[in-house]
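In what follows, a structure is listed as structure tokens, so that the remarks can point back to it.
The values are calculated or read from the model by the stated rules, or taken from the named source; none is laboratory data. This one's a predicted model, so the numbers in the text were calculated from it and none came from an experiment. Here the Cβ is made from the backbone with ideal geometry for all residues, glycine too, and neighbour counts use every protein chain on show.
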Amino acid sequence: MSFSFLNGKSPFDEAEERLEAGETVNGKPKMPVAPVMGWQDGVTLLVIIALVIGGYQYYQYAKRTSAEAFATCETLYTAAQTDASKYVEMEKCYEATWDLGFVSDTLEVVRQNRLGEVEDMRTAQKDLLASANAAFDKGDTAAAVKIVTEYKGAMLLYTGDQSEWDEIAKFATAAPAAEKVAEPAAEKAAEPAADAQK
């Protein structure tokens, strides 16, 4: 059965109209002749094919782009295992993947795990900062400086917390300088005492 699906009438409707109008061939009702496909049908079919092919091509492109972006992020993650400063760069890389057009379930799990790991590290560093601030508030500058200087991980704190961390870290560099100034003064004070004993 061949008929056009966009011209609004089926061939049987047309045949019924012709029969009612008395149109016959050799005394028999003339059977309808309809094109297999009208030009509108052809255009519609071409649009559908173009959409299917275009959608498939876009899917392949998005899939490839996503795989490349995640491979770059994973390279940074591997580098961060030996160089903690790479964690910040790796986090930015994974955050940028939210804009990708396609992310598979597997890559989504990887992203969640990597970003969760960085967030856990950031929380641990915030806890260290809180401990250092508590020691500093109690007047125990040495303990606060020790907490900050013994941390060897990546700097993952945001601006406000990082400035607090840096303020405490400044005491670590100020303490040795104060000791160097105090040493000659102590030596000079000791010299008159030694002379007096002679």
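Below is a table of values for the structure above.
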| quantity | calculated |
| --- | --- |
| Test: residue in the stretch 1-11 that is at pLDDT below 90, farther than 30 Å from residue 156 by Cα and in a helix (DSSP H, G or I) | yes |
| Test: residue in the stretch 64-73 that is at pLDDT below 90 and either more than 30 Å from residue 158 (Cβ to Cβ) or out of contact with any helix residue (DSSP H, G or I) (no Cβ under 6 Å at 6 or more places or on another chain) (or both) | no |
| Criterion: out of contact with any Asp or Glu (no Cβ under 8 Å at 6 or more places or on another chain), assigned to a loop (DSSP other than H, G, I, E, B) and farther than 30 Å from residue 59 by Cβ - qualifying residue of 82, 173, 149 | 82 |
| Residue match in the stretch 60-78 (condition: surrounded by 13 or more Cβ atoms within 10 Å (Cβ to Cβ) and not in a helix (DSSP H, G or I)) | no |
| Tally of residues being more than 28 Å from the chain's Cα centre (by Cα), assigned to a helix (DSSP H, G or I) and of a type outside the set (D, E, K, R) across the stretch 121-142 | 9 |
